[in-house]
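The values are calculated or read from the model by the stated rules, or taken from the named source; none is laboratory data. In this text the structure is predicted, and so the values were computed from the model without any measurement. Don't worry about glycine lacking a Cβ; one is built from the backbone with ideal geometry, like all the others, and counts go over all protein chains shown. Side chains included, ligands, DNA and RNA excluded: accessible areas come from the protein's heavy atoms. Shrake-Rupley method; radii C 1.70, N 1.55, O 1.52, S 1.80 Å.
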Amino acid sequence: MGTIQMLQAGSGFQGMLKEGARHYAGLEEAILRNIEACVQMSKITRTSLGPMGMNKIVVTNLDKIYITSDAATLIEEMEIHHPAAKMLAMAAKTQESEVGDGTNFVLIFAGELLQQAEGLLKMGLHPSEILIGYEKAYKKCLEILPTLVTSTIKDISNKEEVLPCLLSVASTKLYGYENVLAPLIFEACGYIMPKNHTNFDVDNVRVAKIMGPSINDSTLMHGLVVVRGAETSVTSVKLSLIHI
């Protein structure tokens with residue numbers, strides 16, 4: 001009798017899964033749980049949007065502490081286990097690798113779309129109907145967005161055209177230092193820019209951090225910079241002379 005009860009308890013799809021695995025099905029259990037996970041992740045980074053966004057403290061499993069408002073860093077260091085939230089994190093990482101900016105916008109925009117879809121699902125709409133509506137909205141956006149363009153860069157080698165765009169991007173990373181960093185970014189990227197702009201490799205620009213000076217003392221060097229520590233150490237001094 002005990003054997004029969006064990007077989008009944010482990011029958012069905014749940015019995016095919018390993019011990020501890022959970023199976024959800026239906027609107028309430030599966031879809032709404034996925035939406036909730038994605039919305040919660042988007043709320044984490046929402047308050048970090050823009051140059052005046054708040055910093056977040058992330059403590060990794062190695063007890064390493066990150067204090068940043070960069071969504072790409074937050075997603076990289078957070079241990080995300082939920083499958084739907086992982087897909088949203090992958091979309092944000094793709095945005096970072098392809099464009100280099102707008103990671104937080106992807107998370108917030110996707111979270112808001114899913115939150116609005118939750119209300120439609122509770123009204124009784126089928127997910128496929130909501131998807132059709134979003135596809136129509138996407139096509140409409142492609143028609144409207146070109147009319148909202150404020151400026152266009154025709155020549156990427158023209159500093160006067162490119163610099164205003166670099167200022168807005170740099171201010172989201174290091175607010176207050178954009179006037180110092182934007183010209184350096186323009187010179188560095190312009191120096192390694194290939195004839196085919198689509199083949200630009202961001203790894204050809206390296207940042208070397210040297211202890212002591214401030215960000216205002218940053219400079220651009222063509223070539224390779226190797227940061228090295230002290231070559232020797234002094235352990236015993238009888239007479240020390242300091243020349244000023």
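Counting each pair of different Cα atoms once, what's the Kirkwood radius of region 102-196 in Å, rounded to one decimal?
Mean inverse Cα-Cα distance, inverted, gives 16.9 Å.
Highest mean first, what order results for 55-63, 206-214, 157-165, 82-90 on Cβ atoms within 10 Å?
82-90, 157-165, 55-63, 206-214
Where a Cα-Cα gap under 21 Å defines reach, which lysines qualify for Lys56, not counting those fewer than 8 residues away within the same chain?
Lys43, Lys64, Lys86, Lys93, Lys173
Give me the net charge for the shell around Glu129: Cβ to Cβ below 12 angstrom, other residues only, Lys and Arg +1, Asp and Glu -1.
Charge balance in the 12 Å sphere: 0.
Show the residues, 5+ positions off or on another chain, whose built amide H is closer than 5 Å to the amide H of Thr68.
So Thr68 has HN proximity to Lys56, Val58.
What number, in nm² with one decimal, is the all-direction average of the projected area of the convex hull of the alpha-carbon atoms of the chain?
Average of the hull's projected areas for the chain equals 25.5 nm².
Note the full-extension length gain between Leu220 and Tyr138 as 0.36 nm times their separation in residues minus their Cα-Cα distance, in nm to one decimal.
Between Leu220 and Tyr138, full extension yields an extra 25.4 nm.
Report in % the part of the accessible area of the chain that belongs to carbon and sulfur, leaving out ligands and nucleic acids; probe 1.4 Å.
Carbon with sulfur: 59 percent of the solvent-accessible area.
So what's the back-of-envelope 222 nm ellipticity for the chain, counting only DSSP H runs of four-plus at -39500 (n - 2.57) apiece and dividing by all residues, rounded to 500?
Taken over the chain, the calculation gives -15500 deg cm²/dmol.
What is the packing order of peptides 126-134, 185-193, taking the mean over residues of other C-beta atoms within 10 Å and listing the highest first?
Top of the packing list down: 185-193, 126-134.
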